[in-house]
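Below is one structure, written out as structure tokens; the observations come after it.
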Amino acid sequence: MNIPEILIQKLRAARHVLAFTGAGISAESGLATYRDPQTGLWSKFLPQELATPEAFQRRPDMIWAWYASRRQAVERAEPNPGHRALVALENRVPRLTLVTQNVDGLHQRAGNRRVIELHGNLTRTRCSEGAHRVETWPATEEVPPRCPVCGARLRPDVVWFGETLPLDAWEAAVAATQDCDVCMAIGTSAVVRPAALLPELAQKSGALLVEINPEPTPLSTHSDVTLAGKAGEVLPAVVRVAWPA
């Protein structure tokens, strides 16, 4: 694989690298992306049917059950070479900030320490009214179960369509775009806003913008470096070339 020299030089000299990941990196762990025309989750379901507050109000039992099945899939999945290469990268640069749109927690399981979750985490549960996280609740046959604090229904701790991103996560992500030397957009469709704005913000602040994706995206024509391929193949190659054993 041909890794451009400019990328190698920038990575070796970088003070701060920003990795921005989407569903594509987790697809290699067997988790369906959202937008793939054949296997994507939204090719089988409409977002407004499963991933909105209104859908939860209409059919909380169905939404809870659907997300429970997704959680089981995530628990069975394992970090892949792309995830592990980002851990290796974090161990080689002074600072790496990993901003992810994914809700599967695979980056943390792989070993990355500085992870900003823009869209929440499927393995966590929160109150649908108070928004506080809930780790345990009394055994019940009611679906979904109730918050032990206030009695409201529990829901997955993810950001649904029509909801705002967590302010602390968004502010931390924007701050990283203003400080990084290299921004790597990995496995993201680059269409879900406001998250899709982050690579552009990093580039405007002077960072080298690198896209890693098997297919072209709206980001491709603007990137300084475009590496066509799967994250699990491209990222290990980048690390090997930048820091030969």
- Task: Mind telling me which of the residues Gln57, Gln48 ends up being over 27 Å from Ala231 (Cα atoms), over 20 Å from the mean Cα position of the chain (by Cα) and modelled with pLDDT under 90?
- Result: Gln48
- Message: Restricting to the stretch 213-245, name every residue that is under 20 Å from Ala13 (Cβ atoms) and either in contact (Cβ under 8 Å) with a residue 12 or more places away in the chain or not assigned by TED's automatic domain parsing to the domain that holds Ser189 (or both).
- Response: Ser223, Asp224, Val225, Leu227, Leu235, Ala237, Val238, Val239, Val241, Ala242, Trp243
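The rows are residues; the columns are (1) surrounded by fewer than 21 Cβ atoms within 10 Å (Cβ to Cβ); (2) touching a Cys at 6+ places or on another chain (Cβ under 6 Å); (3) part of a loop (DSSP other than H, G, I, E, B).
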site	(1), (2), (3)
Leu89	no, no, no
Arg92	yes, no, yes
Leu98	no, no, no
Asp104	no, no, yes
Arg113	yes, no, yes
Thr123	yes, no, no
Ala131	yes, no, yes
Thr136	yes, no, yes
Glu142	yes, no, yes
- Search result, residues across the stretch 179-209 that are surrounded by fewer than 18 Cβ atoms within 10 Å (Cβ to Cβ) and farther than 24 Å from Val103 by Cα: Asp179, Lys204, Ser205, Gly206
- Message: For the stretch 129-155, give me each residue that is within 29 Å of Thr21 (Cα to Cα) and in contact with a strand residue (DSSP E or B) (Cβ under 6 Å, 6 or more places away or on another chain).
- Response: Arg133, Val134, Leu154
- Query: Considering only residues of the stretch 145-178 that are buried (at least 19 other Cβ atoms within 10 Å of the Cβ) and of a type in the set (D, E, K, R), which is nearest to Arg15 (Cα to Cα)?
  - Reply: Asp157
- Message: Here is a check on your reading of the model: is Val159 in contact with a Gly (Cβ under 7 Å, 6 or more places away or on another chain) and of a type in the set (A, V, I, L, M)?
- Response: yes
- Query: Inside the stretch 234-245, can you point out the residues that are surrounded by 14 or more Cβ atoms within 10 Å (Cβ to Cβ) and part of a loop (DSSP other than H, G, I, E, B)?
  - Reply: Trp243
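The values are calculated or read from the model by the stated rules, or taken from the named source; none is laboratory data. Computed from a predicted model, the values in this text were never measured in an experiment. Quick reminder, even Gly has a Cβ in these numbers, built from the backbone with ideal geometry, and neighbours come from all protein chains shown.
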